[in-house]
Amino acid sequence: MSVLVFGCSGQVARELARLADELTFSFVFLGRQDADLSYPDKCGEIILTRKPAAVINAAAWTAVDAAETAEAEASVINGEAPGAMARACAKLSIPFLHISSDYVFDGSGDSPWRPHDPVRPLSAYGRSKLLGEQLVQESGARAIIIRTSWVFSAHGSNFVKTMLRLGTERNLLNIVGDQVGGPTSASSIARSVVALIKALLEGETGGTFHFSGAPDVSWAEFARAIMSLAGLSCEIKPILTKEYPTVAPRPLNSRMDGYSLLDAYGILQPAWAMDLESVIIELKEQSDAT
């Protein structure tokens with residue numbers, strides 16, 4: 001029994017590959033050379049041709065700022081493509097799991113966002129992710145949408161790797177302190193995805209859920225934890241979002257309420273500090289090996 005995974009080089013896809021030996025089913029990973037999300041209909045055709053037991057979409061346009069000037073392209077990749085995948089899954093009566101983002105919310109208030117709270121994305125990236133959710137929900141597929149936030153790992157480009165690099169180069173870093181959310185390791189996301197796919201294969205109906213690391217912290221607090229665990233003396237100075245302008249607006253409140261996921265599937269919020277320590281150790285081992 002095979003599960004088709006769109007994406008092979010991203011953070012979550014790479015962590016899914018690490019879990020392959022632990023599973024009773026096999027993953028078949030599709031990179032961009034196999035399935036270009038810029039062509040949604042072809043993605044759907046691949047599913048209909050291969051007839052897998054289930055499909056995971058772990059591929060996405062993740063360049064938040066770049067999406068502001070390329071919203072049409074981002075909307076195809078983050079919106080139309082998962083919609084086409086979900087429709088193909090509906091035709092085959094197989095489950096579909098799609099990974100979405102906290103950026104579908106406007107970041108107002110200070111309460112954790114619940115899955116069915118009103119959505120109002122601030123950015124082109126957020127709108128593209130919301131479009132994907134809407135098309136998946138309209139497809140008729142038995143699907144799970146899992147929203148997550150602040151993803152980090154030892155792979156690709158992410159905040160942890162950036163902080164580790166800058167922490168060795170500078171004595172002081174100004175980091176935004178008024179954006180709050182839950183850092184989430186790609187390894188924890190991958191394990192939750194596996195658990196959810198198993199549930200879907202066993203007949204669960206699906207829904208929209210939130211999964212993020214605990215406890216919630218600001219970017220500045222997260223940066224301090226990174227420096228501490230890495231043994232770096234770089235000082236972190238909190239600043240306001242308005243002091244660090246970006247092309248795309250960022251939500252101030254990215255807190256995510258994961259209770260419904262715990263209630264439905266027994267999946268707890270992961271402790272990001274433990275995952276962060278593992279990532280830092282892995283990166284050090286990689287560095288020592290080169």
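Some points to look at:
- Those residues of the stretch 150-167 which are outside any helix (DSSP H, G or I) and either touching a Lys or Arg at 6+ places or on another chain (Cβ under 9 Å) or within 18 Å of Ala273 (Cβ to Cβ) (or both), in sequence order: Trp150, Val151, Phe152, Ser153, Ala154, His155, Gly156, Asn158
- Lone unmet requirement of (1) of a type in the set (S, T, N, Q); (2) at pLDDT 95 or above; (3) within 27 Å of Ala66 (Cβ to Cβ) for Ser228: (3)
- Just so you know, in the stretch 234-288 the residues that are of a type in the set (Gly, Ala, Ser) and under 22 Å from Lys161 (Cα atoms) include one that is surrounded by the most Cβ atoms within 10 Å (Cβ to Cβ), and it is Ser254.
- Conditions (1) farther than 20 Å from Thr148 by Cβ; (2) in contact with a Phe, Trp or Tyr (Cβ under 7 Å, 6 or more places away or on another chain); (3) at pLDDT 95 or above: number failed by Gly44: (2)
- Test: residue in the stretch 64-76 that is modelled with pLDDT of 95 or more, loosely packed, with under 15 Cβ neighbours inside 10 Å, closer than 27 Å to Asp275 by Cβ and among the hydroxyl-bearing types (Ser, Thr, Tyr): no
- Subset of the stretch 17-73 that is basic (Lys, Arg) and in a loop (DSSP other than H, G, I, E, B) - its residue that is nearest to Ser93 (Cα to Cα): Lys51
- Residues being among the small types (Gly, Ala, Ser) and assigned to a strand (DSSP E or B) - total across the stretch 236-279: 2
The values are calculated or read from the model by the stated rules, or taken from the named source; none is laboratory data. From a predicted model like this one, the values you see are computed outputs, not experimental measurements. So basically every Cβ, Gly included, is an ideal-geometry build from the backbone, and we count neighbours across all protein chains shown.
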